[in-house]
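Notes follow the structure.
The values are calculated or read from the model by the stated rules, or taken from the named source; none is laboratory data. A quick note: this is a predicted structure, and the numbers were derived from the prediction, not measured. All Cβ positions, even for glycine, are placed from backbone atoms using ideal geometry, and neighbour counts span all protein chains on display. These accessible areas exclude ligands, DNA and RNA; they are computed on the full protein's heavy atoms, side chains included. Shrake-Rupley method; radii C 1.70, N 1.55, O 1.52, S 1.80 Å.
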Amino acid sequence: MLYWLEEHPVAFPAVEEAQDEPNGLLAAGGALTPEWLLTAYMNGIFPWFNAEDPILWWTPDPRMVLYPNEFRCRRSLAKRIRNGGFTLTFDTAFKEVMQYCGSLRDDTWISPQMLQAYHDLHLLGYAHSLEVWHDGELVGGLYGLALGRIFYGESMFSRCPDASKVALAHLATLPPEYGFALIDCQVHSDHLASLGAREIARSEFNAALRQHASLERWHPPVQ
């Protein structure tokens with residue numbers, strides 16, 4: 001059964017009510033306001049829909065996650081990080097990162113509506129970008145939400161070999177005072193699996209949220 005949500009009140013059905021096929025589809029409707037989005041992520045739910053569709057909310061089972069201490073940095077990537085001439089920054093080009101992520105596919109879900117919604121969260125201190133620069137040019141990066149000690153990865157891009165891997169490696173190896181207990185990758189991909197991400201049960205993922213997620217704002221390292 002697909003639940004239809006009004007704009008008010010801000011409330012989701014239990015995640016256990018999500019459909020098995022398509023995996024994790026929970027509800028449609030609601031809104032992309034900060035209140036809706038923060039409530040969703042705190043409960044392991046995220047929006048994903050094409051521009052012509054209603055807002056669709058998902059909570060897949062299993063869930064793809066990356067535990068930072070399980071990040072797999074192969075020798076070739078370590079060499080690229082050392083010798084690639086990259087500079088990394090946080091939150092200096094949030095919109096540009098989202099726009100590049102959206103340009104990867106013709107049927108992207110990163111519509112102007114989504115871009116505005118996550119930029120609003122960025123201005124509130126909840127959404128963050130990690131940029132990879134080479135010779136002053138933005139060549140890769142990722143963006144997502146940081147709620148407490150959970151980073152909810154949304155998308156990443158590369159405009160040169162391994163640039164998105166460099167970004168993810170940096171996120172996974174932050175110093176302990178800035179690091180995350182878990183990086184949410186949402187759904188399985190072979191690319192993320194090759195970097196150490198793995199699937200866990202939705203119940204295990206939501207237990208991690210109860211332990212580590214909060215509306216406390218995360219502040220990136222001083223650059």
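Helix 202-212 versus the longest principal axis of the chain: what angle, 0 to 90°, nearest 10, using Cα atoms?
Rounded to the nearest ten degrees, it is 70.
Helix 163-172 versus the longest principal axis of the chain: what is the Cα-based angle in degrees, 0 to 90, to the nearest 10?
80 degrees
With a ≥ b ≥ c the root eigenvalues of the C-alpha gyration tensor of the stretch 107-223, is it rounded (a/c under 1.5), prolate (a/b larger than b/c) or oblate?
Note, shape of the stretch 107-223 comes out rounded.
In the stretch 1-107, carbon and sulfur make up what percent of the accessible area (probe 1.4 Å)?
Accessible surface attributable to carbon and sulfur in the stretch 1-107 totals 49 percent.
Using a 1.4 Å probe over the heavy atoms of the protein chains, calculate the carbon and sulfur portion of the accessible area of the stretch 113-187 as a whole percent.
Details: 1330 of 2460 Å².
So the carbon and sulfur contribution to the accessible surface is 54 percent.
Send over a whole-number figure in Å² for the accessible area per residue of the stretch 82-207, probe 1.4 Å.
Numbers: 5210 Å² over 126 residues.
It amounts to 41 Å² per residue over the stretch 82-207.
Could you pull the Rg and Dmax for the chain, using just the Cα atoms, both in Å?
In order Rg, Dmax, the Cα atoms of the chain give 16.9, 52 Å.
At 1.4 Å probe size, put His212, His219, His191 in order of accessible surface, largest to smallest. Working shown, then result.
On the way: His212 45, His219 130, His191 75 Å².
So the residues, ranked largest to smallest area, are His219, His191, His212.
Ignoring everything but the protein chains, give the 1.4 Å probe accessible area of Lys79 in square angstrom, nearest 10.
The value for Lys79 is about 120 Å².
Which of the listed residues, Val132, Phe157, Leu209, is farthest toward the dipole's positive end in the stretch 89-223, when Lys, Arg count +1 and Asp, Glu count -1 at the beta-carbon?
Leu209
Show that you can apply the helix-only estimate: for the chain, add -39,500 (n - 2.57) for every DSSP H stretch of four or more residues, divide by all residues, and state [θ] at 222 nm to the nearest 500.
-8500 deg cm²/dmol
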